[in-house]
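**Q** My questions all concern the structure below.
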Amino acid sequence: MTPRVFKADLHIHTCLSPCAELSMGPKAIVEKALQHGLDVIGISDHNSSENAPAVVNAARNRNLTVLPGMEVTSKEEVHILAVFDSVEKALQLQEIVYEHLPGENNTEAFGLQVIVNEDHDVLGFNKRLLAGATELSVEQVVDSISALGGLAIAAHVDRETFGIIGQLGFVPEELHLDALELSANTSPEEARRRFPEYAAYAFVRSSDAHSAAEIGKVRTSLLLCEPSTREIKKALRGEEGRRVLPEDAGARAAGGTS
Amino acid sequence: MTIREIADNAKLEILACPEAVDKEVTGGYASDLLSDVIANSKAGYLWVTMQTHRNIVAVATLKELAAIVLVNGRTPEPETLEKAQEEKVVLLGSRLPAFELAGRLYQMGIRGIQ
C-alpha cells in the first residue's frame, strides 16, 4: 500500500469540556470536520473521554476517522494530549485519570460539562472538576498513555500556560513523547526557529477547537497508509515512507488551500 | 544572610544538600512557571515554588540559585531529591503557603527587586 495524505486535526473539544461551547456536539463536529476536508480528528476533552464514543458513532459511515482521546492535565499543570484507536483504550486512561482527579465542578465558575449521545441528546452532566489538575506527574501521564498504546503529545508547547515548556522550563529529556503540538498561533517553521533544541521532535499543529468555527483552522498533513495511531506514530518518526508533511506541501498534495 | 540562617528563622526543613547551606542568599523570587523563573530569577536567589518536578533542579542549576523552597508541605518526587543531591542544589520545605512564606522572607529583609 502506498502512503497517501491524511489531513488531521488531533485536538478538538466537545461540550463536555467546561470551557467549550455547548454547540460542540458530535454531529456538528463531524460536519464541520468534513466541510474542512479533514480525514482524521482527535477528540480530546479535559481529563475525560465520556463524549468520545458519541463522536465516533456520529462519524460512522462517513468519510472521517475519529480517534478518541483526552487532554490530560498533569500535576505540574502541563497539558498532554492522548490519542487512541479505540474508545476502550480511552476509557481505560479515563479510569486512571478519574482515580487521580480531585474536586467537583462549579458550573458557574467553569461552565457546564455535558455528556451527550451522537444525536446531541443530553445524557447527563459530569460532576468532576475536569478543569482541574490530576495528581499524576507528567511522566506518569505519558507512561500511562504509552502503556495503553496511545500517542502522547505535549499540547500547545508554544503557549506559556499549560504548555510543557512554559510550565517546566523545558521538555524533560527522559519523557517519551511522540510529538510536540503547536497551537494556531505558531507555524512549524516558526517553531523550528524558536525551539531549535527540539529539532529531533516531530511537530504537529492542531486547532484545540472549543467552538465549531475553529475546527480544522489549522491541521497537520500526514503521509499514512491508514488513519491509525500506529501509522501516525510511524509518520511522527519518519519511518517506512510515512511522514509529517510541511504545511504548504500538505495543502498542495491534497489540492486544497490551507 | 545564609541559607542556614534563613532556614532557622523561617522554620524551613532541609530536604536535600545540607552541606551547602552556608551559601549567601542575595534575594528571592516566587513563581510556579519555570519558564518565568528562567527569565526573571537571579543568581543567589531563594526560589519559592509549589512545583516538585525534577526540572526545578535544572532551573536552579542553570540560574545558579541559592536554594529552592517547596511550600505548602509539598514533598518532592524521589527523582527530584536525588537530582538535587547530585547537582548540589539545596532543597528546603515549608509548611506555609507561598504567600505567607514570601511575607516572612520579606520581613527578614530578603528582596526580589534590589
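**Q** Return the lysines within reach of residue B:42: Cα separation strictly under 27 angstrom, same-chain partners fewer than 8 residues apart disregarded; answer none if there are no such residues.
**A** A:75, B:11, B:23, B:63, B:83, B:88
**Q** Restricting to bridges with both residues inside chain A, how much of the DSSP beta-bridge set is antiparallel, in percent to the nearest 5? Mind showing how you got there, number by number?
**A** Details: 21 of 35 bridges.
Taking every DSSP beta bridge within chain A, about 60 percent pair in antiparallel fashion.
**Q** Given 20 °C and 1.002 mPa s, how large is the Stokes-Einstein diffusion coefficient of the range B:3-107 in µm²/s, with Rh as the Kirkwood radius over Cα pairs? Please report the intermediate quantities before stating the final value.
**A** Numbers: Rh = 13.1 Å.
For the chosen part, D equals 164 µm²/s.
**Q** Moving on. In a GNM of chain A with a 10 Å cut-off on Cα contacts, which of A:156, A:176, A:46 has the highest mean-square fluctuation?
**A** A:176
**Q** Given the rule -39500 (n - 2.57) for each run of at least 4 DSSP H residues, summed and divided by the residues of the protein assembly as shown, what is its mean residue ellipticity at 222 nm, to the nearest 500 deg cm²/dmol? Walk me through the intermediate numbers first.
**A** Values: 14 runs with 114 residues, N = 372.
Theoretical 222 nm ellipticity from helices: -8500 deg cm²/dmol.
**Q** Taking R0 as 41 Å, what FRET efficiency do you get between residue B:20 and residue A:185 from their Cβ-Cβ distance, rounded to the nearest 0.05?
**A** On the way: r = 41 Å, r/R0 = 1.01.
Efficiency, rounded to the nearest 0.05: 0.50.
**Q** From Cα pairs below 8 angstrom and at least 6 apart in sequence, can you work out the relative contact order of chain A, rounded to a whole percent? Don't skip to the end; give the middle numbers.
**A** Details: 617 pairs, mean separation 58.5, N = 258.
Answer for chain A is 23 percent.
**Q** Under 5 Å between amide hydrogens, which residues at least 5 positions from residue B:69 or on another chain qualify, with H placed 1.01 Å from N in the peptide plane?
**A** B:47, B:48, B:49, B:92
**Q** What is the distance in Å between the Cα centroid of the range A:61-98 and that of the range A:8-45?
**A** 14
**Q** With a point put 7 Å past each Cα toward its Cβ, work out how far residue A:119 is from residue A:146 in nm, to one decimal.
**A** 4.4
**Q** In addition: Below 13 angstrom from the Cβ of residue A:176, what's the summed charge of the other residues (Lys, Arg +1; Asp, Glu -1)? Intermediate results must be reported in sequence, preceding the final value.
**A** Values: positive: A:233, A:237; negative: A:139, A:143, A:173, A:174, A:178.
Summing Lys/Arg as +1 and Asp/Glu as -1 gives -3.
**Q** Now for a different question. List the aspartates and glutamates whose Cα sits under 16 Å from the Cα of residue A:217, skipping any in the same chain fewer than 8 residues away.
**A** A:9, A:31, A:39, A:181, A:208, A:247, A:248
**Q** Additional query: If you average the C-alpha positions of the range B:53-114 and of the range A:143-189 separately, how far apart do those two centres end up, in angstrom?
**A** Cα centroid of the range B:53-114 versus Cα centroid of the range A:143-189: 25 Å apart.
**Q** At residue A:2 and residue B:8, where each label point lies 7 Å from the Cα along Cα→Cβ, what is the point-to-point distance in nanometres?
**A** 7.9
**Q** Taking the protein assembly as shown as the region of interest, what is the percent of Cα-Cα pairs per 20 angstrom bin, listed from the shortest bin to the one with the maximum distance?
**A** 29, 50, 20, 1
**Q** For chain B, set up a Gaussian network in which alpha carbons nearer than 10 Å are linked by springs, and say which option among B:70, B:91, B:15 fluctuates the most.
**A** Comparing B:70, B:91, B:15 in a Gaussian network model of chain B, the most mobile one is B:15.
**Q** Net charge within 10 Å of residue A:7 by Cβ-Cβ distance, Lys/Arg positive one each and Asp/Glu negative one each, not counting residue A:7 itself?
**A** On the way: positive: A:219; negative: A:9, A:39.
Residues close to residue A:7 contribute a combined charge of -1.
**Q** With both partners inside chain B, how many of the DSSP beta bridges are antiparallel, as a percent to the nearest 5? Please report the intermediate quantities before stating the final value.
**A** On the way: 4 of 16 bridges.
Here the antiparallel bridges make up roughly 25 percent for chain B.
**Q** With charges only on Cβ, +1 for K and R and -1 for D and E, what is the dipole size of the protein assembly as shown about its Cα centre, in debye, rounded to 20? Show your work: numbers first, answer last.
**A** Numbers: 36 positive and 53 negative charges, 145 e Å.
Rounded to the nearest 20 debye, it is 700 debye.
**Q** If you don't mind, there's one more thing I want to ask. Be a star and scan the range B:22-56 for residues whose amide nitrogen sits under 16 Å from the point 7 Å along the Cα-to-Cβ vector of residue B:100.
**A** Once the point is set 7 Å along Cα→Cβ of residue B:100, B:49-50 turn out to lie under 16 Å by backbone N, inside the range B:22-56.
**Q** Which of B:59, B:21, B:90 moves most in a GNM of chain B, Cα contacts under 10 Å?
**A** Of the options given, B:59 has the highest mean-square fluctuation.
**Q** Relative contact order for the range B:3-107: what percent, with Cα pairs under 8 Å and sequence separation of 6 or more? Let's see the in-between values first.
**A** Working: 209 pairs, mean separation 32.6, N = 105.
It rounds to 31 percent for the range B:3-107.
Just so you know, all these numbers are worked out from the coordinates, no wet-lab data involved. Note that the structure is predicted; figures quoted are calculated from it, not measured. Note that we place each Cβ from the backbone using ideal geometry, even for glycine, and neighbour counts take in every protein chain shown.
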